[in-house]
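Colleague: Quick one: the structure is below, and I'll ask about it shortly.
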Amino acid sequence: MIRKRLIFFIAALSLVCFQGFTFQGTDFSSEEKSTAPAGSGVGDELVVVNPADLGIDALALESGIRSIILQALDSGAFPGCQILLAKGGKVFYEESFGYHTYDSLRPVKNTDIYDLASVTKTTAATLSLMKLYDDGLFDPDQTFGHYFPDIAKGKKKDLKMRDVLAHQAGLRAWIPYYSVSQKKNGKYKRNTVSSDSSARFPYRISDSGLFLHKDYRTRKIYKMIRKSKVSKDKSYLYSGLSFYLYPELVQRITGKSFDQYLADEFYTPLRAETVVFNAGEHFPLERIVPTEVDSFFRMQTLHGVVHDEGAAMMLGVSGNAGLFANAMDLAKVYQMLLNDGEYNGKRFLKASTIEEFTKCQFCESGNKRGMGFDKPLIEYDENRSSVAEGASAASFGHSGYTGTFVWADPENDLLFVFLSNRVHPTRDNRKIYTLSVRPRIHSLVYELLEREGGGISRSR
C-alpha cells in the first residue's frame with residue numbers, strides 16, 4: 001500500500017511539472033478540510049468535501065484524472081475543460097484545466113461558462129416537459145398532433161410523444177436550416193437571411209452582418225419540420241426536430257417564454273445563475289469559453305453566442321441547444337434530480353416524474369433511451385459506451401456536440417460533469433472520442449469507489 005501511494009505521488013508530481021499545464025481546483029493536500037457549502041443555503045444542496053471523507057484515495061483520483069486530461073490537452077483534443085464529481089451531494093472533485101483557446105492566454109477557471117450544446121435537451125426542454133407533466137399539463141402518451149396540430153400533419157399526427165422523446169418515432173435526424181435556406185450560388189433565399197438590417201430582417205445573427213427574417217422560425221423552421229418525412233422504420237434514431245418545438249409549447253401552455261419559465265421554475269431558485277441562453281448578453285466574454293471558428297455560415301469565432309446553427313436561427317433560445325453554464329451550476333440541476341426532485345429544501349419535481357422520464361422506455365426492443373435522457377447501453381460495450389461499466393441501469397444524462405457531458409447515477413448517488421470546447425477551432429476534431437476521455441474518467445471514479453468499498457451498484 002505504501003509503495004502504491006508512492007507511485008501515485010511520483011506520477012502526480014511529474015504531471016504537475018508538465019510544461020504549459022494549468023489548472024484551477026480544490027486543494028486536497030490537507031488531511032483536515034472543513035465541509036464548505038457550494039451555495040449559501042442549507043439542507044440537501046451541494047457541498048464541497050475532501051475525497052477522503054468519502055473513502056476515496058485523493059492522490060489516486062488527482063493523478064489519474066490529470067494523466068487522462070494532460071494526454072488530451074497534449075493531443076489537442078480540446079484547449080481546456082472543467083470537471084466536477086459529486087457523491088451524495090458532496091462535491092469531492094472540482095477542477096479546471098487548460099485554456100479558453102490554444103493561444104494559452106486565458107486559463108480556464110471554475111467560474112467560466114461553456115456552451116452546453118445538446119445537454120440543453122435534458123437541462124431545458126425535457127426539464128420543462130417534466131414540470132408540465134408534474135402539473136398535469138403534458139401527457140407523454142398523447143400524440144404529436146395533439147400538441148402540435150399545425151405542424152404534425154399526415155404521418156406525424158398520430159406519433160406518440162413517448163416515442164418522439166425516446167427517438168423512435170421515425171422523425172428525421174436533423175435539418176441543416178442554414179444551408180437549405182441558401183441557393184446553389186450561395187445566396188440566401190427570399191425571406192430567410194439578409195446582409196442588411198431592416199424591419200423585415202431585424203435580428204442580427206452574425207457579427208459579419210447576417211440578419212434573420214422576422215418570421216423565420218414560424219415560416220421556415222416549423223415549415224421544414226412539417227414537411228419532413230417520417231420513416232416507416234421505428235427503431236432508434238436520434239432526432240433533434242421536436243426539440244425546436246417545445247419552447248413554443250411551453251409558452252402556449254404557461255403564458256411565459258421558454259427561457260423565463262425555466263428561470264422561474266428551476267434556474268433562479270436553484271441559484272444556478274450561469275445556466276442561461278445567449279450567455280454573451282448576461283456575462284462578460286472573458287468568462288465565456290469560445291467554441292468554433294465558423295468558416296461556413298456566420299464567419300466568426302463563436303463567442304458568447306450559441307454554436308448550433310439551428311439554435312442560432314431560433315435566436316439562441318431552443319430546446320435543441322442554446323444553454324450555457326459552468327460545471328457547478330449545471331451540477332445543481334442534476335443534483336436536484338438525484339435528490340428525487342428536491343434541492344435546498346424546495347421541491348421542484350415529484351420523484352415519480354423523474355423516474356418516469358429517466359427510466360429506459362423501450363429496452364425490450366433494444367432502445368436504451370429514456371424520455372429525452374440518454375441511458376447506458378443495454379449490454380455494455382467498452383468500444384461504444386460513453387459511460388463507465390459501473391454506471392447503473394438507473395443512471396441517465398446527456399452529451400453535447402461542443403464537448404460537454406453530464407451523467408447522474410441515482411443507485412450510486414454519483415454525479416459527473418465534464419465541460420469542454422472540443423469544437424475549437426473546428427468541429428472536425430474528434431480526439432475527445434478516440435481518446436475516450438470522459439468514459440476513462442468516469443471509469444476511474446467507479447473503480448476508486450469500488451476499491452474503497454463504496455458500495456457500487458452495477459445493476460443492468
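Colleague: Within the group Leu270, Leu262, which residue is among the aliphatic types (A, V, I, L, M) and outside any loop (DSSP other than H, G, I, E, B)?
Modeller: Selected residue: Leu262, the only one of Leu270, Leu262 that is among the aliphatic types (A, V, I, L, M) and outside any loop (DSSP other than H, G, I, E, B).
Colleague: Quickly run through segment 113-145 and pick out the residues that are assigned to a helix (DSSP H, G or I) and of a type in the set (A, V, I, L, M, F, W, C).
Modeller: Val119, Ala124, Ala125, Leu127, Leu129, Met130, Leu132, Phe144
Colleague: Give segment 87-111 a look and list any residue that's assigned to a strand (DSSP E or B) and either surrounded by fewer than 17 Cβ atoms within 10 Å (Cβ to Cβ) or of a type in the set (A, V, I, L, M) (or both), or say none.
Modeller: Val91, Pro107
Colleague: Additional query: Yes or no: segment 278-288 includes at least one residue that is in a loop (DSSP other than H, G, I, E, B) and crowded, with 21+ Cβ neighbours inside 10 Å.
Modeller: No: segment 278-288 contains no residue that is in a loop (DSSP other than H, G, I, E, B) and crowded, with 21+ Cβ neighbours inside 10 Å.
Colleague: Is it the case, given these coordinates, that Arg204 is within 25 Å of Asp294 (Cβ to Cβ), free of Cβ contacts under 8 Å to residues at least 12 places away in the same chain and of a type outside the set (A, V, I, L, M, F, W, C)?
Modeller: For Arg204, the condition - within 25 Å of Asp294 (Cβ to Cβ), free of Cβ contacts under 8 Å to residues at least 12 places away in the same chain and of a type outside the set (A, V, I, L, M, F, W, C) - is met.
Colleague: Look through Ser395, Ser385, Ser436 and report the one residue that is touching a residue at least 24 places away in the same chain (Cβ under 8 Å) and either among the hydroxyl-bearing types (Ser, Thr, Tyr) or out of contact with any strand residue (DSSP E or B) (no Cβ under 6 Å at 6 or more places or on another chain) (or both).
Modeller: Ser385
Colleague: Of the residues that make up segment 290-311, is at least one more than 18 Å from the chain's Cα centre (by Cα), closer than 15 Å to Thr402 by Cβ, of a type in the set (Val, Ile, Thr) and surrounded by fewer than 23 Cβ atoms within 10 Å (Cβ to Cβ)?
Modeller: Scanning segment 290-311, I find at least one residue that is more than 18 Å from the chain's Cα centre (by Cα), closer than 15 Å to Thr402 by Cβ, of a type in the set (Val, Ile, Thr) and surrounded by fewer than 23 Cβ atoms within 10 Å (Cβ to Cβ), so the answer is yes.
Colleague: Select from segment 197-245 the residues that are under 17 Å from Val164 (Cα atoms) and either among the β-branched types (Val, Ile, Thr) or in contact with a Cys (Cβ under 7 Å, 6 or more places away or on another chain) (or both) and list them in ascending order.
Modeller: Once the filter is applied, which keeps residues that are under 17 Å from Val164 (Cα atoms) and either among the β-branched types (Val, Ile, Thr) or in contact with a Cys (Cβ under 7 Å, 6 or more places away or on another chain) (or both), segment 197-245 yields Ile225, Val230.
Colleague: For Asp196, state whether it is acidic (Asp, Glu), in contact with a strand residue (DSSP E or B) (Cβ under 8 Å, 6 or more places away or on another chain) and over 25 Å from Tyr401 (Cα atoms).
Modeller: yes
Colleague: Another question, if that's okay. Mind checking whether some residue in segment 120-143 is of a type in the set (Ser, Thr, Tyr), in contact with a strand residue (DSSP E or B) (Cβ under 7 Å, 6 or more places away or on another chain) and without any contact (Cβ under 8 Å) to a residue 40 or more places away in the chain?
Modeller: Within segment 120-143 (the criterion being of a type in the set (Ser, Thr, Tyr), in contact with a strand residue (DSSP E or B) (Cβ under 7 Å, 6 or more places away or on another chain) and without any contact (Cβ under 8 Å) to a residue 40 or more places away in the chain), the answer is yes, since at least one residue qualifies.
Bear in mind these aren't lab numbers, they're just calculated from the coordinates by the rules spelled out. Note that the coordinates shown come from a computational prediction; the quantities given were computed from them, not determined experimentally. Note that we place each Cβ from the backbone using ideal geometry, even for glycine, and neighbour counts take in every protein chain shown.
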